[in-house]
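*Asks:* Here it is: the structure, laid out below.
Taken together, the values in this text are just the output of simple stated rules run on the coordinates, not laboratory data. Keep in mind the model is a prediction, meaning the values are calculated, not measured. Cβ placement follows ideal geometry from the backbone for every residue including glycine, while neighbour counts extend to all protein chains displayed.
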Amino acid sequence: MREIKFRAWDGELKEMIGPEEVLSCSFIGLDGEWLGLSDLLKGEGGFELMQYTGLYDSTAIEFCEGDILEDDGEYWKVEFYDGAFWVVAIGGTAVAELLIDNDYMDLVGNIYENPELLEAE
């Protein structure tokens with residue numbers, strides 16, 4: 001059974017909050033209020049919660065929804081819908097593939113810290 005964990009994007013500070021901080025809720029919002037996991041799940045405080053897929057790229061780095069993968073010059077965005085993780089082609093093709101085993105792809109960024117990778121979308 002895979003471990004279920006999350007990371008979060010802080011939209012106000014423009015920084016990623018790692019899974020350990022999300023799990024322990026050891027961070028404080030800009031207004032000085034303590035933020036808990038329930039706040040993140042509700043989308044409060046400008047945070048975007050992203051779940052890890054439990055899968056790894058070609059260099060054994062775990063990736064999650066919102067990440068961008070690359071394979072032979074083509075970029076793919078990891079999304080969660082219909083109860084599963086998918087990779088959606090960025091750019092000219094409207095292709096989506098069920099994310100089962102993508103250890104041949106490379107993690108190159110995410111939609112928040114590397115928005116330039118989405119420009120071909």
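*Asks:* As a footprinting exposure proxy, order GLU15, GLU116 by other Cβ within 10 Å, with the fewest listed first.
*Replies:* Working: GLU15 11, GLU116 8.
Listing GLU15, GLU116 from fewest to most nearby Cβ atoms yields GLU116, GLU15.
*Asks:* What residues qualify as long-range amide H neighbours of TYR75, i.e. H under 5 Å apart, gap of 5 or more or another chain, H built at 1.01 Å from N?
*Replies:* Under 5 Å from the amide H of TYR75 lie the amide H atoms of ILE90, each far enough along the sequence or on another chain.
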